[in-house]
Amino acid sequence: MHASPTPPDQFEQMFAEMDTPESKLKFEEDHPFLREVIYAGLTDLNTGFDSPLIGHFPPTDFLTVIDRCESMLVRVIGIEVFTTDVEPPSRVEMLEVEISPEDGYEWARRLVRRYQGKPDITICATFGVP
């Protein structure tokens with residue numbers, strides 16, 4: 001398992017900020033835009049192993065997500081990579097998490113390209129919708 005060098009206290013702060021009523025409301029408000037615009041026409045691999053509000057995509061489709069985000073100025077805040085090649089009772093296993101280490105979208109493309117062509121990979125992200 002490979003994870004970004006984000007310190008644990010930074011993760012705790014990020015999750016605490018995401019767990020406020022305001023953050024939850026913003027996430028729910030952004031959901032239709034993500035579904036109808038950013039994810040349009042792509043195959044969502046989330047078969048119930050994550051919240052229905054979170055889209056999971058194969059690497060090739062996720063590169064399309066990144067391109068759409070860039071053209072619409074939607075920030076990619078962090079990316080999570082999972083494998084679905086796990087033994088029951090688990091349905092997925094986290095392989096990597098990366099929180100935006102730099103501005104722009106190239107960091108996200110580099111991360112996703114590492115998983116292109118590999119079977120059983122699903123990728124999701126946290127976004128900053130303007």
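The values are calculated or read from the model by the stated rules, or taken from the named source; none is laboratory data. On a predicted model such as this, the values are computed, not experimentally measured, just so you know. Methodologically, a virtual Cβ is constructed for each residue, glycine included, from the backbone with ideal geometry; neighbour enumeration extends over all protein chains shown. Ligands, DNA and RNA are excluded from the accessible area calculation, which covers all protein heavy atoms including side chains. Shrake-Rupley method; radii C 1.70, N 1.55, O 1.52, S 1.80 Å.
Worth a mention:
- For Ile77, the criteria (1) part of a loop (DSSP other than H, G, I, E, B); (2) within 11 Å of the chain's Cα centre (by Cα) hold in every case but one, which is (1).
- Single match in Ser4, Ser90 (criterion: open to solvent by 50 Å² or more (accessible area, probe 1.4 Å) and either within 21 Å of Asp120 (Cβ to Cβ) or at pLDDT below 95 (or both)): Ser90
- Cβ separations smaller than 7 Å between residues 6+ apart or across chains give the following pairs from the range 96-108 residues that are within 13 Å of Arg68 (Cα to Cα) to residues that are open to solvent by 40 Å² or more (accessible area, probe 1.4 Å): Tyr105/Glu70.
- Taken together, Pro101, Pro59 contain a single residue that is at pLDDT 85 or above, within 16 Å of the chain's Cα centre (by Cα) and open to solvent by 40 Å² or more (accessible area, probe 1.4 Å), which is Pro101.
- Checking each residue in the range 43-56 for being more than 11 Å from the chain's Cα centre (by Cα), surrounded by fewer than 19 Cβ atoms within 10 Å (Cβ to Cβ) and aliphatic (A, V, I, L, M) picks out only Leu53.
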